[in-house]
Amino acid sequence: MVLPDVAEFPSSEWVELRIPDEDDVGLVLDASTATLIPLITTIPANCTVRQAREFIRRQQDRPRAGRGWSLTIVDRATGDAVGNLFVSCNSLELGAIEVGYWVAPSHRGRGHAANALRAAREWAVADLGADRLTSYIDPDNAPSLRTAQRAGLEQETTYDRWERVGDEFRPMTVWSYGPGRPEPGHIGPLESRMWLNDYRGDARWFDHHLHADFVEHGCSGALWTRDRIVNTRVDEEIMIRLPLADQCLQQLASDTWMLTYIAHQPDRSCRRVSIWQELSEGWRLRFHQGTPLP
Ligand SMILES: CC(C)(COP(=O)(O)OP(=O)(O)OC[C@H]1O[C@@H](n2cnc3c(N)ncnc32)[C@H](O)[C@@H]1OP(=O)(O)O)[C@@H](O)C(=O)NCCC(=O)NCCS
């Protein structure tokens, strides 16, 4: 997906957000000393200057890949780079963006993340036309929960085993802003995750997110049951281009949604359809089908 042209990035009286640059090496080195940041970003723990530069280059490339913007948070009062806010556009076609953020240890305690989130919230509606902003927050992450609350987001559901943090799948509470319907906002991230190697290579994730009666009609014509998927080791990498192209979401019943899209891989493209159902324990994938494009 080509990201929309944006005239400017979020800013307010307190913070200004910009594309990361060479001046952010010190910020990344500082961030790499935190416990959680290396687990939820690609910053290696206690990284070197070279690794910090590589991280910055990867952030600069993100808009080109169509995934979203990784933005450095600058404190307007001091001009210091203090943290990062990532705007994920995987569900922008569905009117929703997802954000994640961090503040380097030596700049914490001044509410920079809440200020950045508030600015991003207003920018998403005005500049991206996204009527929904979500952030998925670990229920044990007190500073982040407070940040979302201070930025005016509202708490929704908590989902089990939503996000991979280090070697475990953590529950995440959805915090959101905007009038958008909650359902589509969850389906976009879930579907994208299915294609990330960290998730699809892990039987625990599928065991949790596949409906008891799940069945897939694969692109090759093969029939995949829930048991077959959970018990098959995934060795090859599937290089699906994200965000998923031509996403279209339709409600089939009060608790059931159908997502169609085109999954582009280097060697083929397939039309895909997924049916997601919300049970009392969370969203489960009920059916999936892939059909190769000629
Ligand atoms: C979450 C994070 C970005 C917040 O950084 P920050 O903007 O400097 O936030 P602050 O330190 O100013 O704290 C924000 C609020 O949380 C509160 N808080 C901080 N630590 C807390 C704790 N251990 N327990 C309870 N509340 C806490 C603060 O008192 C403040 O509340 P207040 O505004 O009512 O005073 C930062 O802690 C961080 O980078 N953490 C690691 C990465 C992360 O968790 N990212 C979020 C992923 S969703």
Go through ARG57, ARG50 for me and flag whichever is away from the ligand (no atom under 14 Å from the Cβ), over 27 Å from GLN265 (Cβ atoms) and without any contact (Cβ under 8 Å) to a residue 12 or more places away in the chain. ARG50
Only one of (1) modelled with pLDDT under 95; (2) on the phi > 0 side of the Ramachandran plot fails for ASP5. Which number is that? (2)
Look at the range 203-218 and say how many of its residues are outside any helix (DSSP H, G or I) and either at pLDDT below 85 or touching a helix residue (DSSP H, G or I) at 6+ places or on another chain (Cβ under 6 Å) (or both). 2
Suppose the filter is modelled with pLDDT under 95, more than 8 Å from the ligand (Cβ to nearest atom) and of a type in the set (A, V, I, L, M, F, W, C); does VAL99 pass it? no
SER91 passes all but one of the listed conditions (1) farther than 24 Å from GLU168 by Cα; (2) within 12 Å of the ligand (Cβ to nearest atom); the exception is number (2)
Being free of Cβ contacts under 8 Å to residues at least 40 places away in the same chain, closer than 20 Å to ASP75 by Cβ and not small (Gly, Ala, Ser) is the filter here, so list the residues in the range 100-159 that pass it. VAL103, ARG108, ARG110, LEU117, PRO143, ARG146, ARG150
Can you tell me which residue in the range 131-144 is surrounded by the most Cβ atoms within 10 Å (Cβ to Cβ), limited to those that are over 10 Å from TYR177 (Cβ atoms), under 16 Å from the mean Cα position of the chain (by Cα) and more than 6 Å from the ligand (Cβ to nearest atom)? TYR136
Does THR78 satisfy being within 15 Å of the ligand (Cβ to nearest atom) and of a type in the set (S, T, N, Q)? yes
Listing of strands (runs of 3 or more DSSP E) fully contained in the range 219-290 that carry 3 or more residues being under 22 Å from the mean Cα position of the chain (by Cα): 245-253, 256-264, 269-279
Matching residues in the range 69-90 - criterion: being over 17 Å from GLU13 (Cβ atoms), open to solvent by 10 Å² or more (accessible area, probe 1.4 Å) and hydroxyl-bearing (Ser, Thr, Tyr): SER88
For the range 256-271, which positions are free of Cβ contacts under 8 Å to residues at least 40 places away in the same chain and farther than 20 Å from GLY95 by Cβ? HIS264, GLN265, PRO266, ASP267, SER269, ARG271
Given the conditions (1) under 18 Å from PRO10 (Cα atoms); (2) within 15 Å of the chain's Cα centre (by Cα); (3) open to solvent by less than 10 Å² (accessible area, probe 1.4 Å), every one holds for GLY66 apart from (1)
Take the residues of the range 253-264 that are open to solvent by 30 Å² or more (accessible area, probe 1.4 Å) and at pLDDT 90 or above: which is farthest from GLU278 (Cα to Cα)? HIS264
When PRO44 is run through (1) within 21 Å of the chain's Cα centre (by Cα); (2) surrounded by 18 or more Cβ atoms within 10 Å (Cβ to Cβ); (3) without any contact (Cβ under 8 Å) to a residue 60 or more places away in the chain, the failure sits at (2)
Given the structure, is SER70 in contact (Cβ under 8 Å) with a residue 40 or more places away in the chain, more than 16 Å from the ligand (Cβ to nearest atom) and closer than 13 Å to ALA120 by Cα? no
Does the range 167-187 include one or more residues that are away from the ligand (no atom under 16 Å from the Cβ), at pLDDT 90 or above, in a helix (DSSP H, G or I) and open to solvent by less than 60 Å² (accessible area, probe 1.4 Å)? no
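The values are calculated or read from the model by the stated rules, or taken from the named source; none is laboratory data. Model, not experiment: these values are computed from the prediction. Every residue, glycine among them, receives a Cβ derived from its backbone with ideal geometry; neighbour counts consider all protein chains shown. We work out accessible area using only protein heavy atoms, side chains counted, and drop any ligands, DNA or RNA first. Shrake-Rupley method; radii C 1.70, N 1.55, O 1.52, S 1.80 Å.
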